[in-house]
Structures are given as structure tokens and as C-alpha cells.
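The values are calculated or read from the model by the stated rules, or taken from the named source; none is laboratory data. No experiment lies behind these values; they were computed from the predicted model shown. Methodologically, a virtual Cβ is constructed for each residue, glycine included, from the backbone with ideal geometry; neighbour enumeration extends over all protein chains shown.
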There are 2 protein chains.
Amino acid sequence: MKAEIIAVGTELLLGQIVNTNAQFLSRELAGMGIDVYYQTVVGDNLSRLKEALQLSSARADIVILSGGLGPTQDDLTKEAVAEYLGTKLHYDRLALDKLERFFQDRSKPMTENNKRQALAIDGGTPLDNETGLAVGNAVSKDGRHYIMLPGPPKELIPMFQQEVKPWLLQHVLTDELPIYSKMLKFAGIGESALDDRLTDLITGQSDPTIALYAKDGEVTVRISTKADSELKAMEKLDQLQAEIEAIVPDHMYASQDVPIEQVIVDLMADQGLTLSAAESCTGGLVMETLTSIPGSATMLRGGVVCYTNEMKHKLVNVPLHLLEGENAAGAVSAETAEVLCEQIRMITDSDFGLSITGVAGPGYAERKPIGLVYIGIAERGKKTEVHELHIKGNRETIRVRATKALLYRLWRRLKATEQ
Amino acid sequence: MKAEIIAVGTELLLGQIVNTNAQFLSRELAGMGIDVYYQTVVGDNLSRLKEALQLSSARADIVILSGGLGPTQDDLTKEAVAEYLGTKLHYDRLALDKLERFFQDRSKPMTENNKRQALAIDGGTPLDNETGLAVGNAVSKDGRHYIMLPGPPKELIPMFQQEVKPWLLQHVLTDELPIYSKMLKFAGIGESALDDRLTDLITGQSDPTIALYAKDGEVTVRISTKADSELKAMEKLDQLQAEIEAIVPDHMYASQDVPIEQVIVDLMADQGLTLSAAESCTGGLVMETLTSIPGSATMLRGGVVCYTNEMKHKLVNVPLHLLEGENAAGAVSAETAEVLCEQIRMITDSDFGLSITGVAGPGYAERKPIGLVYIGIAERGKKTEVHELHIKGNRETIRVRATKALLYRLWRRLKATEQ
């Protein structure tokens, strides 16, 4: 079963808004085992819209259109579908009632153009708009199915969930095997390195399928299969997961789509562990990343951003002789990273103390190269670990990669403790 | 002049990522006076990619492809364009050198698949990738122009600005009147409020054109005009800018596309002023945002993330009686915000001290509602200001909006001091 998405709206073609509807619809369709081979964006133009419909109809079984159901004259989606299918439009009684009530409640006259939002295609199914006024439509002809949804995500999402999914299951997906997926998340390894190590598996594999993608210093491996039961699907997926883990041990931090900071917060909260951090070049990014996770309040005690040497000394007790002077190790050094994480742990009385100090650029510091970063992890009653990183990239990349590297090391340490 | 955008990537069709590249490219092309009638998304599939190319070539003068330049076997964009145009690929010497250096610097062997990133189309122009390894390409044939860009936005955006724009101006837009734009940046006001106040101007205006967009708590107003000289264009744009500023005073912080933190860092560095912060619910986001700006090292002394009451007391000297007890104001209060910014300023001996304390959710705290946030600004020898915010949205929205609100207030204060 193949579907295409046509998003309608000149504001998309002008780049005024981003097409989140296509993402949402694609993800939902993939989850239902429906393949999406093309997404198209077309403006509020009747002839181009009909051309797009013709093209999609030739390639797909299901065509989902978003946008162009509103009251203005450039909202043309239903007209285009009706003209393309050679059918007519009528006003849907329920939708029209809703519109009339809406304007009555506000003691405003309903202008004629507003009635356009109640238009429905002859022979189709109107789709209720719980959060808006424009009624959706679903219509089938010659084995092709057309679904028209409103453009605003806050109307499109509930309409898809409550109206379109049941309609598709009842009218279209009567014979299909559902698709099941797992998202395996990796840290501490790049996309191409992972691709390289999994290359034999990827090339030799057709069911389940394997897909890699990278984002923000993490790599996701999605494995998917079709099966007539979740149990059978999971058996296949779990076996492939075990094969992947055997090839790339120590890097898979989750088998669902969560960031590594989520896993860390969960692991630490479960064990009642607390954390603090002293950050120089990342300026708070480590703590900010952890704070973005709900529930981090129980494990993140706090910490310090010590951008200058004076602050490293004053707020985190780094001895001045370590920071300044002819033969000093300097702020960007393994020694300073070690003192920073140990001191912040002690000052805040946390179980773990983290530190990052490095040169994020654009200028260099202490005659040390841009991208040289030291990360430290101190743990109550345990030996402190410090790692030297050499990160290529601009200021932002260096800061993000350093943060992710530290979180990866922390995750490994927490896993080792757990076992 | 017509252009189309083809975004390549199965991850887009699976809804794993949102197509922000299409938005960015559409906006940039609109800014250059180039019409975009269609955007297409196609998967990592050679034959469908070639079909998409054929279709776009029949409809447009310029085809811009994003994605599919990476090292893996499903990165096929350059192959597809070469096959479609009937030309060959070669390894670009400079891109290959860069790849070899990259792996040498890391003392890692360069695997064969990585070389794919250096592929270039015979007879085309390689486009330097400042922030990544995959070289871009621009090639013309039979009056059609094809531009291949990498998928990651942090590579695509600088490549478009630095390589594609000049190439288009030199090779494609030779007869057109150049378009000149100014980006006016607003903070402390929402998109619809700004749209409302500028509505008469927008409706009555055809040259220069006015377009609004919102992102991350800032609103951008782009004003554009075509002219045969920059001087003539700027005369028109400056006049419109003055009209806009007269309608909406106190909110326009820049007349170029920079974030407000950039303006703050520049203003403070110019005046030799220093800053520190004490952050609770934002967990370091304020400091992290400022640190992202090169040059912030001279003005940001450091600060504290004090997530727990204990840390507010221990690290920033907030009296316990303010935080705990039956009749205490509590951590989320104007009083605590005031003490936090004043204390962190004194502890770090900075010119300015900032504070944020609030309820970011998902749970509420101290029986106070989610979205209630207090922000404070202390200044050496001046009166402290505290603002109460009520922010609607999820945890992330609340944290980002609170940060932007604090930066907006700081910018206003710096402007007032400057004058």
C-alpha cells in the first residue's frame, strides 16, 4: 500500500512556515505499514494543484492533502479534488450548523466565504474537525483514496487520529500486515563508523530492514518488519538487535527513541543518585541538556559555569598555581578537569561531579588548539576519570560534541556500576 | 525565474525528521526574487530520484537538491544527477584532500565509502562545505541549473550563503534586477501581535515587500525591494524601517539577522561590562545561550545553576527562611529572583547579575502554576528589576521563552544605559 502527501499552501513555498504536517503524516503512515514514496508541496493554485493530484494518483493508492480548506478564496483543495475526480461539492449540514453556531455565539454575522469551510465532496465521508471549523473529507474513486485535512497542525493531528485512522483501517487497510519497528540509539560512535561496522549486516539483510540516521551527536538505527502479530515481529527484531549489539558493543544506550540524557536521568533517578557539574567552554550546556528532561530535578543538584580563571578559582576552588604561571597546566588541562569535577562534587555533596574545560574557538586559548577539550567524571569514593578530546568543527559543534561525549562516558560509567 | 526544491532522504518520508531545509531554501530563493512552485521529497532510491529530477527539470529553471551526499551506500544524489544528465562523476581533489586530512588528524584510516563525499559532477562547480566533509555541486545543462547540497542544516545553510548565492548571481540571475533585503529582528512581542500592529502597513505596501516569521521567541520582519543599485534600495528600505520602528518602538533590537544574545554580547563587550547568572528552571540555558556567541568570554564571568533549594542557599546565599516554611515566599517568587540576581552579581563581582526561577513543569511546584516564572536583573549601583511571566506551553517552550524574555529585558536595560 503506497501513499503520497500533498501539502497545499503558498506560505510553505515562500518558506514562511515549515512543513511539520508532512512529518507527522509520514510517521503515522509508516507506523501503519503504509509506504510514502513522495511528499509534495504545491501553492494555492488550482491548475498546479490538479497537476499534483494527477501525478500522485498515478503513483499511489492513497493521497493525503493538507491545507487549503479555509474560508478564503485561495483555499482550493476541495474544489481541486472535486474537479479532478469529476464530482461535485455540497455543503455538509453538520459542518454548516457548527459554523452558524460559532458565529451566533460570538454575535457576529457569518460572511458568505466562511461557508466554504463546510464544503464536502459528493459521495465522500466528512471528517469532523474537533478543534476548528473546516470539515475534512475522505473519498474513494477507482481504487484510489483521497483524504483532505486542514493545514493547522492543531486541527490536522486530532482529525488524523480520530477520523482518518479508523477510516483507513475500515476502508483501505483491510488485508495488510502491520509493520513493527524498534529504534536503537547509539552514542560515542559516528554515523559512518557505525555504518561501516554494520555494512555486512545491512547489505545482507532484507527482513527486518535496517536504516541509519544521525542527529546531534547520536545515531539512530531503525529496524522494521511486517508480521501478523507483535510477538512474531518482536522475535525477529530482538534477534537482529542482539546481532547488532554483538558487532558494536558499549555504544547502544537505548532500544527506543530517547536521547542519552533521558537514559541518564532515568538511571540516576532509579538509583537515587545525584549529579553536579562545573562547565567552562560549554557554558552550561551539560546542565541545560539534563534539565530539559522532566524528572531531572531529583538528580541534578546544580553546578557552576566558570568561564574565567577567576571563577574557576573562586567558585570551584581550583588552585591558582594550576591555572596561571609559566609552568602551570592551565585551565584547559587534564589536571584542571580533574579538580573541577572533584571539587564541584564535594561542594554540592553529589554522588557524581562532571567537568568540561576546553577551547571552543573561534580564538585559541593558552596556545592550545581549538577543539582540545578535557572532560572529567568524579564519583563519591571512586577514582576520577578524565578524557582528552580533539573535536573538529565550529564553536557550536565543539560544544555539542563535548557535551555528548561527556554524557556518553557518564552513561558507560553508570552502566558499569549497575552491573 | 522558477526553482524547485527536491529534498532527498528516506528519513523524511518516514517522518523521522522535519524538512527545515525546504523552508530555509524557499525563504532564501523568495528573497532573491526566485519563484518556487513545488517542493518535493523523495527517498534514497535511484530510479525515483531520477523521476523527480525529470519532472522538476520540465517545470523549473533551477533544481536544488538537499541531502544524499553522505558516505553511505544510500547516499545517491550525485549519482542520480550524473545519470540523469548523462555525465560522469570524479573525485574532487580538494574535497579528497580535506577528507584525508580529517582522518589523518584523527589517526583513523579513511574507509572507502567516505571517499563518496568527495564526488563531483564532470563539468560542474564543486561547492565548499565549510562545516562538513561532503562537497556540494552546481552544474548547468541545456539552460537548467542543478545544485546539490548536503542534508544537515548546519552544512547546508553556510554552503548556500557562501557558495550557492554568489554562484546563482554570477551564472543564473545575470539579467534580473538584484533584490535587496533587510532583516529587522524583534523581541518581547509575538508574531500575531506584531502582524496586527503592522497590518495597515503590510496591506498597503507592495514595494518594498514585507514578510513576517517567528522562531524561538523572536520575530523577523524581512523587507525587500528590487533596485539597480544598493544605494537606491537602501533608501527605500531605510524609510520603511523607520515607519515600522515608529509603529512598534522598544522591540526592534537589530536590523540584520542576528539573535538577541549576539547584540547583548556586542553591546556589553563594547562597554567592557561583565555579567553573571543564577538559573533555576532554565538549568543553564541563559548562560549557554550567551556562551554560544563567540566573544562572550570577555563579558560572561560565569554563574550558578541552582536547581534545588539547598543549592540556592549554599551556592547563591538565598536565606533559607525565604525558601522554606509555611509563610515563605518560596523558590518561585519575586523575592527569590531578586536575591538570586543580586547575590550572583556580588559573588562574581560582575556589573550585571541575572536570575530565573519558575515552574517549567510537567509537575507543578510549591502549589504554583506551570509557566509562572520570575526573572531578575541586578546592576552594580542601580535598582534591581524583577518581572513576573506567565508562559503557556510545554517544558521546553517555557524554558526558551523565559530565557528570551530575560535577554529582551537585559537588552532594553543596556539600550537605556547606552543612551
- Message: Tell me whether segment B:303-310 contains one or more residues that are within 13 Å of another protein chain (Cβ to nearest Cβ), in contact with a strand residue (DSSP E or B) (Cβ under 7 Å, 6 or more places away or on another chain) and farther than 21 Å from B:THR384 by Cβ.
- Response: yes
- Query: Tell me, which residue of segment B:382-419 that is in a loop (DSSP other than H, G, I, E, B), at pLDDT 95 or above and not hydroxyl-bearing (Ser, Thr, Tyr) is nearest to B:VAL339 (Cα to Cα)?
  - Reply: B:LYS383
- Residues of segment A:331-374 that turn out to be over 23 Å from B:VAL304 (Cα atoms), part of a loop (DSSP other than H, G, I, E, B) and either away from chain B (no Cβ under 13 Å) or of a type in the set (Lys, Arg) (or both), as a count: 1
- Message: Looking at (1) modelled with pLDDT of 85 or more; (2) in contact with a helix residue (DSSP H, G or I) (Cβ under 6 Å, 6 or more places away or on another chain), which one does B:PRO166 not meet, given that it meets all the others?
- Response: (2)
- Task: Keeping to segment A:226-239, report how many residues are assigned to a strand (DSSP E or B) and either crowded, with 20+ Cβ neighbours inside 10 Å or outside the structural domain of A:ASP250 (by TED's automatic domain parsing) (or both).
- Result: 0
- Message: Every residue in segment B:61-90 that is more than 22 Å from B:ILE157 (Cβ to Cβ) and aliphatic (A, V, I, L, M), please.
- Response: B:LEU76, B:ALA80, B:ALA82, B:LEU85, B:LEU89
- Task: Go through segment B:283-298 and count every residue that is more than 12 Å from B:LEU354 (Cβ to Cβ) and more than 7 Å from chain A (Cβ to nearest Cβ).
- Result: 4
- Checking A:GLY361, A:GLY353 in turn, the sole residue that is over 18 Å from A:GLU396 (Cα atoms), among the small types (Gly, Ala, Ser), surrounded by 17 or more Cβ atoms within 10 Å (Cβ to Cβ) and assigned by TED's automatic domain parsing to the domain that holds A:HIS390 turns out to be A:GLY353
- Message: So, B:ILE64, is that one more than 7 Å from every other protein chain (Cβ to nearest Cβ) and surrounded by fewer than 24 Cβ atoms within 10 Å (Cβ to Cβ) or not?
- Response: no
- Message: Of the residues A:ASP175, A:ASP105, A:ASP142, A:ASP97, only one is under 29 Å from A:ALA211 (Cα atoms) and free of Cβ contacts under 8 Å to residues at least 24 places away in the same chain; which?
- Response: A:ASP175
- Query: Here is a list of conditions, (1) modelled with pLDDT of 95 or more; (2) touching a Ser or Thr at 6+ places or on another chain (Cβ under 7 Å); (3) among the hydrophobic types (A, V, I, L, M, F, W, C), and A:MET268 meets all of them except one; can you say which number that is?
  - Reply: (2)
- Message: Considering only residues that are crowded, with 19+ Cβ neighbours inside 10 Å and part of a helix (DSSP H, G or I), which ones fall in segment B:317-330?
- Response: B:LEU322, B:LEU323
- Task: Kindly indicate the residue of segment A:15-37 that is crowded, with 23+ Cβ neighbours inside 10 Å and in a loop (DSSP other than H, G, I, E, B) and also farthest from the other protein chains (Cβ to nearest Cβ) among those meeting that condition.
- Result: A:ASN19
- Got a number for residues in segment A:199-211 being away from chain B (no Cβ under 12 Å) and either aliphatic (A, V, I, L, M) or in contact with a strand residue (DSSP E or B) (Cβ under 7 Å, 6 or more places away or on another chain) (or both)? 3
- How many of the residues in segment A:67-102 are surrounded by fewer than 23 Cβ atoms within 10 Å (Cβ to Cβ), closer than 21 Å to A:ASP142 by Cα and either in contact with a Phe, Trp or Tyr (Cβ under 9 Å, 6 or more places away or on another chain) or at pLDDT below 95 (or both)? 2
- Query: Any idea which of B:SER292, B:SER296, B:SER276 is among the polar types (S, T, N, Q), assigned by TED's automatic domain parsing to the domain that holds B:LEU410 and at pLDDT 95 or above?
  - Reply: B:SER276
- Task: Would you be able to say whether some residue in segment A:297-306 is in a loop (DSSP other than H, G, I, E, B) and more than 29 Å from the chain's Cα centre (by Cα)?
- Result: no
- Query: Consider A:LYS314 against the criteria (1) in a strand (DSSP E or B); (2) of a type in the set (Lys, Arg); (3) over 36 Å from the mean Cα position of the chain (by Cα): it satisfies all of them except one. Which criterion is unmet?
  - Reply: (1)
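Here's the yes/no breakdown for (1) within 14 Å of chain A (Cβ to nearest Cβ); (2) in contact (Cβ under 8 Å) with a residue 24 or more places away in the chain; (3) under 30 Å from B:THR209 (Cα atoms); (4) among the charged types (D, E, K, R):
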position: B:GLN241; (1), (2), (3), (4): no, yes, yes, no
position: B:ALA246; (1), (2), (3), (4): no, no, yes, no
position: B:LEU322; (1), (2), (3), (4): no, no, no, no
position: B:GLY325; (1), (2), (3), (4): no, no, no, no
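For every residue, the table says whether it meets (1) polar (S, T, N, Q); (2) without any contact (Cβ under 8 Å) to a residue 40 or more places away in the chain; (3) more than 25 Å from B:THR220 (Cα to Cα).
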{"site": "B:PRO153", "(1), (2), (3)": "no, no, no"}
{"site": "B:PHE160", "(1), (2), (3)": "no, no, no"}
{"site": "B:TRP167", "(1), (2), (3)": "no, no, yes"}
{"site": "B:ASP207", "(1), (2), (3)": "no, yes, no"}
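Rundown of residues vs (1) within 27 Å of B:LEU96 (Cα to Cα); (2) not polar (S, T, N, Q); (3) not assigned by TED's automatic domain parsing to the domain that holds B:GLU28, yes/no style:
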residue	(1), (2), (3)
B:LEU46	yes, yes, no
B:LEU49	yes, yes, no
B:LEU55	no, yes, no
B:ARG59	no, yes, no
B:SER66	yes, no, no
B:THR72	yes, no, no
B:LYS78	yes, yes, no
- Kindly provide the set of residues from segment A:281-311 that are of a type in the set (Gly, Ala, Ser) and closer than 17 Å to B:LEU285 by Cβ, ordered by number. A:GLY283, A:GLY284, A:SER292, A:SER296, A:ALA297, A:GLY302, A:GLY303
- Message: The conditions are (1) assigned to a strand (DSSP E or B); (2) in the same structural domain as A:VAL63 (by TED's automatic domain parsing), and A:LYS185 fails exactly one of them. Which is it?
- Response: (2)
- Give B:ASP257, B:ASP196, B:ASP270 a once-over and let me know the one that is within 14 Å of chain A (Cβ to nearest Cβ), acidic (Asp, Glu) and under 25 Å from the mean Cα position of the chain (by Cα). B:ASP257
- Query: Can you pull out the residues in segment B:131-158 that are within 15 Å of the chain's Cα centre (by Cα) and surrounded by fewer than 24 Cβ atoms within 10 Å (Cβ to Cβ)?
  - Reply: B:PRO152, B:PRO153, B:LYS154, B:GLU155, B:ILE157, B:PRO158
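So that you can scan it fast, the table gives a plain yes or no per residue for (1) within 24 Å of B:GLY132 (Cβ to Cβ); (2) crowded, with 20+ Cβ neighbours inside 10 Å; (3) not assigned by TED's automatic domain parsing to the domain that holds A:ALA30:
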residue: A:GLU163; (1), (2), (3): no, yes, no
residue: A:TRP167; (1), (2), (3): no, no, no
residue: A:LEU194; (1), (2), (3): yes, yes, yes
residue: A:LEU201; (1), (2), (3): no, no, yes
residue: A:GLY204; (1), (2), (3): no, no, yes
residue: A:VAL219; (1), (2), (3): yes, yes, yes
